[in-house]
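What follows is a single structure, written as structure tokens, with notes after it.
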Amino acid sequence: MLAAPSPARAQLTFPGASPISAGNVIVMAQPTMVEQTGGFQSTIGQGVLVYGASSNLALITESNLLVWNLADAMSNGRTVRLAAVGTGDTLQEFRYTVFQRDGIGSTFRIAPLIGVTFPTGMDNVNAQLPHDLQPATGNWAVRGAVTSSWQTLYWNAEAEIGYDNRFPGTDYEFGNQFVADAAFHYVLWPRQVKPGIPGELFASLETNFYSDTINRLHGQSVPGTGGQLWLIDPGLDWSTPRYGVALTALLPVAQTSYGNGRRYAFGLLLHLRLSLYTPYHW
Amino acid sequence: MFSSVRRLVAVALSCGTVLHPGMSAIAAGPDNATGGREALVIVKGVATPFSVFGLLSRFRQIPGVTGATFDLSQGLADLTFKPGAVVSDHDIREAIRNASYTPGPIRWQNGTVQAGHPAN
């Protein structure tokens, strides 16, 4: 099974190249529930802070503030429920817009990003559970990605392609991860964008592909780790100038795992965002 | 009525011509200070409601601005100023660039046009 059902990023399920004004602070809360076969369940309370440091530079902080993993295990012939609860890792990203083409009611942008994952979480809260069911990885990681956004008055399209390179922490090293994401959002309401509308209701369809290399313990391959996962995420997003609320299902289209019978069943992501402003910026 | 007037204003601004009879044809320039008036500004690149907040916040940071609204459908910002406020085209364009958008033509006027997209 893949290392961590990392649920979401700065957009609904991944970061795009959407505009953010200098001084604009967007606070997001993204509780996500993921169900896997075999009695494995993961609930992640993720907090995301997006700060417009300048007109081109955005700082994105993503932290898994609370991770609640549950798993069924056999003990003395009985099935017992084991839990690993604690804080997860924190990812700090720097996104810079390198290409921007604006029109009235439309924009197309390309923005590469780099990021560092800090092992801020608890990677060994329950020794009875395997490493990939602990709340955090215990690994440092660096990531590089290219994002793009094409927004119009009635639809938005976003894409990301990136790679996470992980480094061993406490002798255990999660596999590196390749990610590819795409999203399409379409305005359901209002039928015509006019002055004075309170907000817009979007139908969203996103997709995420993850490919993880195998995990290693003391440099040796760990059976049952790594693999590929392809998700498709239909949802609804209510967006106003000040806040947004979205509900998205995370549904597996295809998955392969290297020897582990655990499979991604489904996930559910609630996305809440609030826009704030500070006069401080570069 | 107002929406059709605003549409005319937006078309005029985007074409760089003045069609609205109530709008004074003041040339845009760095010394174009205002005195208790209103400015209509085309802003390019704003396509979603969630982008509006940051733009309006930048406008409100300009000293002398008393109100700012944005009409998403026409890319048209409507700024009002304190009487006697000194605000230049440069101040407005700088606010738009800081908001990560592209400024278009600016037209100054004394009349009042209905507000567009509110900030909340």
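The figures follow:
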{"quantity": "Segment A:230-282: number of residues that are aliphatic (A, V, I, L, M) and within 14 Å of chain B (Cβ to nearest Cβ)", "calculated": "5"}
{"quantity": "Condition check for A:Pro223: touching a residue at least 12 places away in the same chain (Cβ under 8 Å) and assigned to a loop (DSSP other than H, G, I, E, B)", "calculated": "yes"}
{"quantity": "Those residues of segment B:85-111 which are over 23 Å from A:Pro279 (Cβ atoms) and in a loop (DSSP other than H, G, I, E, B), in sequence order", "calculated": "B:Asn110, B:Gly111"}
{"quantity": "Tally of residues being within 14 Å of chain B (Cβ to nearest Cβ) and either aliphatic (A, V, I, L, M) or touching a residue at least 40 places away in the same chain (Cβ under 8 Å) (or both) across segment A:149-193", "calculated": "13"}
{"quantity": "First in segment A:194-218 and under 25 Å from A:Leu250 (Cα atoms) and open to solvent by 50 Å² or more (accessible area, probe 1.4 Å), second anywhere and aromatic (Phe, Trp, Tyr) and part of a strand (DSSP E or B), Cβ under 7 Å, 6 or more apart", "calculated": "A:Leu201/A:Trp189; A:Leu201/A:Trp238; A:Leu205/A:Phe184; A:Phe209/A:Trp230"}
{"quantity": "Residue count, segment A:171-193 (criterion: within 27 Å of A:Ala145 (Cβ to Cβ) and surrounded by fewer than 16 Cβ atoms within 10 Å (Cβ to Cβ))", "calculated": "2"}
{"quantity": "Filter result (open to solvent by less than 10 Å² (accessible area, probe 1.4 Å), part of a strand (DSSP E or B) and either within 7 Å of chain A (Cβ to nearest Cβ) or out of contact with any Ser or Thr (no Cβ under 8 Å at 6 or more places or on another chain) (or both)) within segment B:40-51", "calculated": "B:Leu40, B:Val41, B:Ile42"}
{"quantity": "Count of segment A:194-220 residues which are in a loop (DSSP other than H, G, I, E, B) and either within 12 Å of chain B (Cβ to nearest Cβ) or not β-branched (Val, Ile, Thr) (or both)", "calculated": "9"}
{"quantity": "Residues (away from chain B (no Cβ under 12 Å) and either aliphatic (A, V, I, L, M) or open to solvent by 20 Å² or more (accessible area, probe 1.4 Å) (or both)) located in segment A:90-109", "calculated": "A:Thr90, A:Leu91, A:Gln92, A:Phe94, A:Val98, A:Phe99"}
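Listed here are the residues, each with its yes/no results for (1) of a type in the set (D, E, K, R); (2) open to solvent by 10 Å² or more (accessible area, probe 1.4 Å); (3) part of a strand (DSSP E or B).
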site	(1), (2), (3)
A:Phe14	no, no, no
A:Ser21	no, no, no
A:Ile26	no, yes, yes
A:Glu35	yes, yes, yes
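The values are calculated or read from the model by the stated rules, or taken from the named source; none is laboratory data. Every value quoted in this text rests on a predicted model; they were computed, and no experiment measured them. Positions of Cβ are backbone-derived with ideal geometry, glycine not excepted, and every protein chain shown enters the neighbour counts. Accessible surface is based on the protein model in full, side chains and every heavy atom, while ligands, DNA and RNA are left aside. Shrake-Rupley method; radii C 1.70, N 1.55, O 1.52, S 1.80 Å.
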